Amino acid sequence: MEIGVSVNLTNELIDVDISSQKMSWEDIQAALKAYKEKRHYFVLSNGLLQKTQQPTTEQLAQALHDLNISFTDFIHGKLQFARLPLLLLC
């Protein structure tokens, strides 16, 4: 499972974009939800089962947790927030 995350700084905002060429945003959400619920598998939008324990899913879930961001905050894989809270983490 390949998931790409891009982070761009523009003025005082941070734009975060999560996407995959092989998975829809709904499938990425399902993977993160299953990981959070400690389930071993989740169902893709095409009906196939996918293992939850994938390095990409684990890394993405950990990064979102560390930044105190919920995957439900994203709209179609995109999130924009003020730069200040991130700077306070450093």
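The values are calculated or read from the model by the stated rules, or taken from the named source; none is laboratory data. Keep in mind that this is a model prediction, so the values were computed, not measured. Because the Cβ atoms are built from the backbone with ideal geometry, glycine has one as well, and the counts that use them run over all protein chains shown. Accessible surface is based on the protein model in full, side chains and every heavy atom, while ligands, DNA and RNA are left aside. Shrake-Rupley method; radii C 1.70, N 1.55, O 1.52, S 1.80 Å.
Once the range 3-19 is narrowed to residues that are of a type outside the set (A, V, I, L, M, F, W, C) and under 17 Å from THR72 (Cα atoms), the residue that is farthest from the chain's Cα centre (by Cα) is ASP15.
For (1) part of a loop (DSSP other than H, G, I, E, B); (2) free of Cβ contacts under 8 Å to residues at least 60 places away in the same chain; (3) touching a helix residue (DSSP H, G or I) at 6+ places or on another chain (Cβ under 6 Å); (4) not β-branched (Val, Ile, Thr), each residue gets a yes or a no:
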residue	(1), (2), (3), (4)
VAL7	no, yes, no, no
GLN21	yes, yes, no, yes
LYS33	no, yes, no, yes
GLY47	yes, yes, no, yes
GLN59	no, yes, no, yes
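Evaluate the following for LYS38: is it open to solvent by 90 Å² or more (accessible area, probe 1.4 Å) and part of a loop (DSSP other than H, G, I, E, B)? So LYS38 passes the test.
Hey, does the range 64-84 have a residue that's of a type in the set (Asp, Glu) and in a helix (DSSP H, G or I)? Yes, the range 64-84 has at least one match. Any residue at all in the range 80-89 that is exposed (fewer than 12 other Cβ atoms within 10 Å of the Cβ) and at pLDDT 85 or above? For the range 80-89, residues exposed (fewer than 12 other Cβ atoms within 10 Å of the Cβ) and at pLDDT 85 or above: absent. Given the structure, is LYS51 more than 10 Å from the chain's Cα centre (by Cα), open to solvent by 90 Å² or more (accessible area, probe 1.4 Å) and either in contact (Cβ under 8 Å) with a residue 24 or more places away in the chain or within 16 Å of ILE3 (Cα to Cα) (or both)? For LYS51, the condition - more than 10 Å from the chain's Cα centre (by Cα), open to solvent by 90 Å² or more (accessible area, probe 1.4 Å) and either in contact (Cβ under 8 Å) with a residue 24 or more places away in the chain or within 16 Å of ILE3 (Cα to Cα) (or both) - is met.
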